[in-house]
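K.L.:
Just passing along the structure, written as structure tokens.
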Amino acid sequence: MTVVHGPEEVTAVLRGMAVDPDVCVELVRVARSRSPELSRLTEEATRSHAAAMIRAAGTWFAAPGPTASVDEQDFTAALLLGADRAVQGVAMTAVLRGVQAALARAAEITVDRCRSAGVPDRELLSVVLRLQEYGNAVERQVINGYRAAEHESPRAIGAVRARLLRQALLGEVAPPVEELARAGIRADADGRYRCLALTPARGRALRSAHVVTALVDGHLAGVCPRPPSADELAPDALVVVGPAAALPELPALYRLCVRAVALGREQGLRGLFDVTEFAARLALSEQPLLGSLLSGRLLGGLDASNDFHRQLALTALAFLDNGRRLDQTAAALFTHPNTVRYRLGRLRQITSTSLTDGDPGPLDGLHWWWALTSWLSPQG
């Protein structure tokens, strides 16, 4: 067997490490264990930096050794890491402890994999020295990024991010991906972004290290590589997230998210939702006249000012939402099935229409749901 060694083989090892999730997880684990201050951040907040810096190391090794200057390499990931930690309030000493631990572990993994790939021991000394040179440069750039963020006021950073989100979400000229990345607005591994809208419009409604938020035309908007988790939301927050999409597709998706949040707020919803969960509500909200016509045809006998009539309509809506099952509807309303049966009977007497007669098709059910939702809405 022919043993291949040299920069090409080392570069291949580093590129493999950059796409190996186990390696990134290990580096994050080591960094967090050596720097307790980092453990309060999500792993995602560090994993993307680790992968980017390993990829950059591969580029450094691919460059001609005697002529390449390490300071001419791309250290965007290191600069962003330092800037992010400064904005997040992590002390520089804690940041450097984590970076140094991760770099040392990355060097160990690189040497082990190079040896397994057939790189002879006499070549490994050069690998170790170049890794040390690269690691020292990474530390310098992390410090540079940290100090640069310290000198920029939080208000200035927020203004930059608000401008970029406005451009990305309102259909203005799309900002360059590189500029988004410098501001901490990152894409996923496939180069796609997720947009979101949330309420109430205040910064503490969502605390997530990988979601960048800003006020955009009075709405609190965000862009992120992956959805936030439910435990990152304030108890009173409502967040609607769009699917992963290319940058030019974000404005249309963001408009749907904003409208979904408005509908959810009217209905008192809280929590984390995908925008597709509002598909029916969004589609029907576009035709308010048809909704009112359906309400008039199916619910014409109901009086919106009568609390008992509103109770009947709410019971009917719960009956539809629970698959027309009396027992499940009763459980959802914390009442007895006979009470549900009585209310549906009274609704039939008042409106001369029935939810329970015959075997209604899906369109009949949709018409009833639309009529009830429209009638119960504040604008109904």
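The values are calculated or read from the model by the stated rules, or taken from the named source; none is laboratory data. Since the model is a prediction, treat every value here as computed from it, not as a measurement. So basically every Cβ, Gly included, is an ideal-geometry build from the backbone, and we count neighbours across all protein chains shown. With ligands, DNA and RNA removed, areas are computed over all heavy atoms of the protein, side chains included. Shrake-Rupley method; radii C 1.70, N 1.55, O 1.52, S 1.80 Å.
K.L.:
Could you rank Phe273, Phe334 by how accessible they are, 1.4 Å probe, largest area first?
P.N.:
Highest to lowest solvent-accessible surface, that is Phe334, Phe273.
K.L.:
I'd like the FRET efficiency for Ala230 and Arg192, computed as 1/(1 + (r/R0)^6) with the beta carbon distance as r and R0 of 25 Å, rounded to 0.05.
P.N.:
The value I calculate is 0.70.
K.L.:
Got a number for the accessible area of Thr59? Probe 1.4 Å, square angstrom, nearest 10.
P.N.:
For Thr59, the solvent-accessible surface is approximately 80 Å².
K.L.:
Evaluate the relative contact order of the range 141-264 (contact order divided by residue number), counting alpha-carbon pairs under 8 angstrom at least 6 apart; express in whole percent.
P.N.:
Once normalised by length, the contact order is 28 percent.
K.L.:
Taking P(r) over Cα pairs in 10 Å bins from 0, in percent as the quantity of interest, determine which of (i) 5, 19, 22, 18, 13, 11, 8, 4, 1, 0; (ii) 6, 26, 36, 25, 7, 1, 0; (iii) 5, 24, 33, 24, 10, 3, 1, 0 was computed from the displayed structure.
P.N.:
After the calculation, the listed value that fits is (i).
K.L.:
Given a 10 angstrom Cα cut-off, can you work out which residue in Tyr254, Tyr193, Tyr342 is the most mobile in a GNM of the chain?
P.N.:
Tyr342
K.L.:
Ordered by packing density, taken as the mean number of other Cβ atoms within 10 Å over each peptide's residues, highest first, how do 286-295, 75-84, 13-22, 117-126 rank?
P.N.:
75-84, 13-22, 286-295, 117-126
K.L.:
Treating the angle as unsigned and between 0 and 90°, give the value, to the nearest 10°, between the Cα long axis of helix 362-376 and the longest Cα principal axis of the chain.
P.N.:
Its long axis makes an angle of about 90 degrees.
K.L.:
Before rounding to the nearest 500, sum -39500 (n - 2.57) across all DSSP H runs of length at least 4 in the chain and divide by the residue total; then give [θ] at 222 nm in deg cm²/dmol.
P.N.:
Mean residue ellipticity, 222 nm, calculated: -19500 deg cm²/dmol.
K.L.:
Next up: Normalising by the residue count of the chain, find the relative contact order in percent from Cα pairs under 8 Å and 6+ residues apart.
P.N.:
Relative CO of the chain lands at 12 percent.
K.L.:
What does the accessible area per residue of the chain come to in Å², with a 1.4 Å probe and no ligands, DNA or RNA counted?
P.N.:
On the way: 19270 Å² over 380 residues.
I get 51 Å² per residue for this part.
K.L.:
Carbon and sulfur atoms: what percent of the 1.4 Å accessible area of the chain do they account for?
P.N.:
54
K.L.:
Quote to one decimal, in nm, the extra length available between Ala252 and Ala117 on full extension: 0.36 nm per residue of separation minus the C-alpha distance between them.
P.N.:
Extending this stretch completely gives an extra 43.8 nm.
K.L.:
Quick one: of the DSSP bridges fully inside the chain, what percent are antiparallel, nearest 5?
P.N.:
80
K.L.:
What ³J(HN,Hα) values, in whole Hz, does the Karplus curve 6.51 cos²θ - 1.76 cosθ + 1.60 give for the range 180-197 when θ = phi - 60°, with x put for Gly and Pro?
P.N.:
Result, rounded to whole Hz: 4, 5, 4, 8, x, 9, 10, 9, 7, 5, 9, x, 10, 10, 10, 9, 8, 10.
K.L.:
Hey, another quick one. Quote the accessible area belonging to His367 in square angstrom, nearest 10, computed with a 1.4 Å probe and with ligands, DNA and RNA left uncounted.
P.N.:
60
K.L.:
Take the Cβ-Cβ distance between Asp321 and Ala94 as r, set R0 to 41 Å, and report the resulting FRET efficiency rounded to the nearest 0.05.
P.N.:
Values: r = 50 Å, r/R0 = 1.21.
Computed FRET efficiency for Asp321 and Ala94: 0.25.
K.L.:
Follow-up. GNM on the chain, C-alpha springs below 10 Å: top fluctuator among Leu131, Leu333, Leu170?
P.N.:
Looking only at Leu131, Leu333, Leu170, the largest GNM fluctuation is found for Leu333.
K.L.:
Stick to Cα atoms and the Kirkwood definition of Rh, then tell me Rg/Rh for the range 141-255.
P.N.:
Using only Cα positions, Rg/Rh for the range 141-255 is 0.95.
K.L.:
Could you work out which residue, out of Arg270, Arg204, Arg281, moves most in a Gaussian network model of the chain, that is, has the largest mean-square fluctuation with Cα springs under 10 Å?
P.N.:
Its mean-square fluctuation being the largest, the pick is Arg204.
K.L.:
So, one more: Between rounded, prolate and oblate, where does the range 226-380 land on the alpha carbon gyration tensor, with a ≥ b ≥ c its root eigenvalues, rounded for a/c under 1.5, else prolate if a/b exceeds b/c?
P.N.:
Note, shape of the range 226-380 comes out prolate.
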